[in-house]
Structures are given as C-alpha cells and as structure tokens.
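Report on the structure given below.
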C-alpha cells in the first residue's frame, strides 16, 4: 500500500501545493445566499468540492463548522468527504482531536478506519496530552495508508504560552513535538519516501523563533493561513528546507469569491504557487 | 440567571461530588451485550442516564465514543444529552475541543448555544492554542449560564512535555493556564460565588509537581480518573484547598457493573464520597 506521505507527494507534484479549506462559517453562508443550517453547510461543502476537483490535490474541511449543526451537520460532512474522495481529492479532516488512552483511540478510529462514516485520508491531532497518546492513531494511519497532522506551531500570539515554553532539554514544546514525531517517522518510513505523520505549522510562524527545523525524514506540513491571513505563495520560501512538503491551505481568500466565481478563483490561486516535481 | 459555578455548587451540595462518565467504548458495549454501533452507544447512554438520575448530580458523556459512529453516533449523543438534562442532571460534554478564531467559536456555539442540537451544560476545552482562543466560548458560557472546563493538568507522563514546560515567568504551562483563566473568573464572578470557568485536572496529578494551587475565585475542577484509574474518594484530600469544588468522575469502575447492577453501583460509589454543604 502507498503510504500517505507518498500520496501527498504525488498530489503536490501533479497539482501544486494549494489546499482548499472548506470553512462554511455563518458569514460565508450568508454571502453565498445559503441558510445557516446543516443544509447550508452541505450545499456549501459540495459546491466547494465540485470547484476544487481537478484544480487542486487536497481539500481540508473544517469540522467545527459542521459540528455546529450537530448530527445533521455531521451527516452533511460525511457527504462532503465522500464526494471529495470520489473526485480524487485527498481529504484532511481538520478536527484537531486530542485526548488520552481509549478515548483518543476512538477519535483515531472515527476518522481513519476504512469504511467508517467519517473516513478521511488524514486527520489533524492536538498533542497537548502528549505525543504518546496518539500512538494508536499513528498505527492506524500507517496500517491503512492514512495520515495524521500533529499540531506543532501556530502563529497566534496566544499560543506561545504552551508552544514556546521550554522543556528540560531546552527545546521549545513545538520543537520537541516535531522531534518526537520525527523519531517515529524515521523508524517507519522507507528510505527516500515522505513520512505519513505530518505537522500543522501556521503559515506565518517564524520558524526560528519557534525553535523549528525541517523534519527529517521529510513529512507533509499543513500550513493554514495562506491567502487571507497574510501568507502568500512567495512565503513558501520561509519554510526553508521544509518548503517542498508544505501544503498551503487557503480558505477565506478562495471562498469569498462566492459560488459562481469559485472555480476560477481556485484556478487563479493554484497557478500562483510554484510547481515542483517531487521525484 | 444562575451561573454555572453556582449550579455545580448546588448539585454537589445535593448529591455529592461523584460524576458518572458515559464512555461506551467497544469493550464495554460487548460486556453489556450491545452492538458496536450507533444503536449500541445510544442504548448504553440512555441506560446510564436512567441509572444516574436522582443518584448523582453530574454526568460526563465522552464524545469520542459517539463520534466513532459518525452522524448516527452524534444523533445518539443528542438523545443522551437531552435525556440527561430532562432528568435534572448537569451534563458536561467531554469534547476537549481546541482551535483558533472563528473555528474555535463554532465549537463553543455547537455545545453551548441554547437550542443547539448538542446543547450541554458545559464543555471541556483544550488550551494548547492559547487561553485567549477560548474567549468567545467563555463569553457564550457566561451569557447562558453554561460552563467551560479548561484542560490544565493530566496525570499521564506523556503530557508532561507540554504541561510542565516552563513559561518565561517560571511557571509551568499548567499553572499559567490556571492563572490566566482565574484572572478572567475574578473579573466575572460575584463575591462569594463559584466561578463558571473550571479546570480539568487528572485525579492522580501531583499538584505541587504540576505547579498548581487552588484556583481563586473557587472554580469547578473536573477530575477524571477516580475509581478504576486509581483515585479513591479519600484522595479528594490531595486537592487541598481545591477539594470542595472537585467533581470526581468515575467511568469504568461504575460502567463495568453492567446494566443490571448499574444503579446499585452508582448509589454505592456515590455514598463513598464525603458530602459537604457548600453554603
């Protein structure tokens, strides 16, 4: 089976680094003329998938905007994820789940088990309760060619309390997370391949301030905050040696185009990024 | 409107500190003779609510075990929460959500908005992206008499990387979280009342090692890990000055009794805790 890291490499080679965020928050629903309801987020999600298919390699539904509508919202999310996967898009469920023991395991099962209602290609996870709590989720991902993106560093100043605190070795918490997950990747990734356990690193994070270096072995880096939040395609260079594995996620900068102009906006934004043959 | 802190105080005064965790993981479903499915977790949850009603003041459904079954699992959770609230139980949705900006806001809206499908009395939240990211959720809670339990310290050694790292003031991250939330509580809590923004502190956490002191003003402390995980009623004393506000959550120690003996087990475990008049 092809590992998730290699699937990301193929997608970025074919379509470039742009990832379309599917973020149906209430203001965007209103701008699109859709109701603030489960029906509204379903329609928003399916239209975005239609526009993204064939234009980018990766989409990232933001779970909270579906969860807002309870079970009906999750039913909509199931449809959106299934439609995206059927269209050949890699789906990263942005759920940021984190817990301990069998509780965390159930979150991993929910998003990564083949045939589960919410099955995606990858899920985002929160390591505040320890990278070790994600072990079962990592196992499950590797077993089924799925991915996990571990929150490592975000760019909001609020986050510095937890993320830039120092562990006994003198590393930042962010750097320690990257080191712990990379050690696991090193033990599970064939030579020359991209690893399947990636990281979430905000697009406007100053890498050196966060104590970060490029992961070894190379691992996908999900970078929310491109476009509207200020990071532009040329900022890929900030990631230095990590730039080739960056998945640049844009949400508002694309979604604000509205449904009629969405496909054109996606094409335009996708063309603004460099295309690299990752071979 | 009565604030959530005062609602917890009334519940603990009337029924004692025991909280029944509703954790329908697959092994327990099998032990109960229930299918591993949304129908199984629904039945498990409703039976637990029936047994808990009138015997304890608080229940804590663990969201991941419902999420495992996708939208149908969330439909089951909606029924379980509604049944518990109708029976007069305070419901803490153990979701441990955490994100930034409007994404986090949507999580707060999902669990705390009156009339929302998943409306609970309180939700657990993950502060890894910064206590400030929870501001809207805090506002919403205070507006509607709801509560938020912020993850502060857990007892698994894995968690020490993030939680016991040191911030520039020399505090642990855990202590910094308690300080930041307590400052907010101090500004929003009438004299003599319990605050509505509480903390999750694992039952077997060594408080001094974690750099913790009792929150001021007093705030509810959700303590998972009583019973099966080793903390017993007499361990309430470990919380020192914080002991009176502790909600002692037991899951497996109660649920392993099976459906037929569940009510008796809950009564027995509830009676093992001291009853304090919090007046």
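The values are calculated or read from the model by the stated rules, or taken from the named source; none is laboratory data. These numbers come from a predicted model, not from an experiment. Positions of Cβ are generated from backbone atoms using ideal geometry, with glycine treated the same way; all protein chains shown enter the neighbour counts.
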Exercise for the section: Check whether at least one residue in the range A:235-244 is crowded, with 21+ Cβ neighbours inside 10 Å, farther than 20 Å from residue A:53 by Cα and touching a helix residue (DSSP H, G or I) at 6+ places or on another chain (Cβ under 7 Å), and report yes or no. Expected result: yes
Fill in the blank from the handout: Quick count over the range B:113-143, residues being under 21 Å from residue B:77 (Cα atoms) and out of contact with any strand residue (DSSP E or B) (no Cβ under 6 Å at 6 or more places or on another chain), is 7
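How about the range B:147-163: which of its residues are outside any helix (DSSP H, G or I) and at the interface with another protein chain (Cβ under 8 Å from one of its Cβ atoms)? So that I can check it myself, show each step before the final result.
Step one: of the range B:147-163, the residues outside any helix (DSSP H, G or I) are B:147-156.
The answer is B:151, B:154, B:156.
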Exercise for the section: Name every residue in the range A:192-210 that is touching a strand residue (DSSP E or B) at 6+ places or on another chain (Cβ under 6 Å) and assigned to a loop (DSSP other than H, G, I, E, B), in order of residue number. Expected result: A:196, A:202, A:203, A:204, A:205, A:210
Exercise for the section: Could you pull out the residue among B:183, B:195 that is surrounded by fewer than 16 Cβ atoms within 10 Å (Cβ to Cβ) and modelled with pLDDT of 95 or more? Expected result: B:183
Practice task
Look through the range B:101-130, keep the residues that are at positive phi and assigned to a loop (DSSP other than H, G, I, E, B), and return whichever of them is farthest from the other protein chains (Cβ to nearest Cβ).
Solution key: B:115
Practice task
With the condition kept exactly as written, say whether any residue in the range B:178-196 is free of Cβ contacts under 8 Å to residues at least 40 places away in the same chain, under 30 Å from residue B:80 (Cβ atoms), within 13 Å of chain A (Cβ to nearest Cβ) and out of contact with any helix residue (DSSP H, G or I) (no Cβ under 6 Å at 6 or more places or on another chain).
Solution key: no
Exercise for the section: With the checklist (1) under 30 Å from residue B:29 (Cβ atoms); (2) over 18 Å from the mean Cα position of the chain (by Cα) in hand, flag the one item residue A:170 doesn't pass. Expected result: (1)
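Checking the conditions here, which among A:155, A:162, A:169 is in contact with a helix residue (DSSP H, G or I) (Cβ under 6 Å, 6 or more places away or on another chain) and modelled with pLDDT under 95? Give the derivation first.
On the way: A:155 fails: in contact with a helix residue (DSSP H, G or I) (Cβ under 6 Å, 6 or more places away or on another chain); A:169 fails: in contact with a helix residue (DSSP H, G or I) (Cβ under 6 Å, 6 or more places away or on another chain).
Just one listed residue meets the conditions, A:162.
Going by what's in this entry, would residue A:71 be described as within 20 Å of residue B:77 (Cα to Cα), over 16 Å from the mean Cα position of the chain (by Cα) and crowded, with 21+ Cβ neighbours inside 10 Å?
On the way: within 20 Å of residue B:77 (Cα to Cα): yes; over 16 Å from the mean Cα position of the chain (by Cα): yes; crowded, with 21+ Cβ neighbours inside 10 Å: yes.
Yes.
Please return the ranges of helices (runs of 4 or more DSSP H) entirely within the range A:1-100 where 2 or more residues are more than 28 Å from residue A:190 (Cβ to Cβ) and either away from chain B (no Cβ under 14 Å) or modelled with pLDDT under 95 (or both).
Values: elements: A:4-15, A:26-31, A:38-52, A:64-67, A:70-86.
Because the criterion is at least 2 residues that are more than 28 Å from residue A:190 (Cβ to Cβ) and either away from chain B (no Cβ under 14 Å) or modelled with pLDDT under 95 (or both), the helices (runs of 4 or more DSSP H) in the range A:1-100 that meet it are A:38-52, A:70-86.
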Practice task
With respect to residue A:167, determine if the residue is without any contact (Cβ under 8 Å) to a residue 40 or more places away in the chain and facing another protein chain (nearest Cβ under 8 Å).
Solution key: yes
Exercise for the section: Answer with yes or no whether residue A:141 is touching a helix residue (DSSP H, G or I) at 6+ places or on another chain (Cβ under 8 Å), modelled with pLDDT of 95 or more, surrounded by 24 or more Cβ atoms within 10 Å (Cβ to Cβ) and more than 9 Å from chain B (Cβ to nearest Cβ). Expected result: yes
Exercise for the section: State the number of residues belonging to the range B:211-244 that are more than 24 Å from residue B:167 (Cβ to Cβ), modelled with pLDDT under 95 and not in a strand (DSSP E or B). Expected result: 13
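Looking only at the range A:233-264, count how many residues are without any contact (Cβ under 8 Å) to a residue 12 or more places away in the chain and over 29 Å from residue A:146 (Cβ atoms). Steps first, please.
At the first step, the residues of the range A:233-264 found to be without any contact (Cβ under 8 Å) to a residue 12 or more places away in the chain are A:234, A:237, A:243, A:257, A:260-261, A:264.
Okay, now just the ones that are also over 29 Å from residue A:146 (Cβ atoms), so A:234, A:237, A:257, A:260-261, A:264.
Qualifying residue count for the region: 6.
When you check residue A:254 against the structure, is it touching a helix residue (DSSP H, G or I) at 6+ places or on another chain (Cβ under 9 Å), part of a helix (DSSP H, G or I), modelled with pLDDT of 95 or more and surrounded by 21 or more Cβ atoms within 10 Å (Cβ to Cβ), yes or no? Can you show your working first?
Working: touching a helix residue (DSSP H, G or I) at 6+ places or on another chain (Cβ under 9 Å): yes; part of a helix (DSSP H, G or I): yes; modelled with pLDDT of 95 or more: yes; surrounded by 21 or more Cβ atoms within 10 Å (Cβ to Cβ): yes.
Considered against the rule, which asks whether it is touching a helix residue (DSSP H, G or I) at 6+ places or on another chain (Cβ under 9 Å), part of a helix (DSSP H, G or I), modelled with pLDDT of 95 or more and surrounded by 21 or more Cβ atoms within 10 Å (Cβ to Cβ), residue A:254 comes out as yes.
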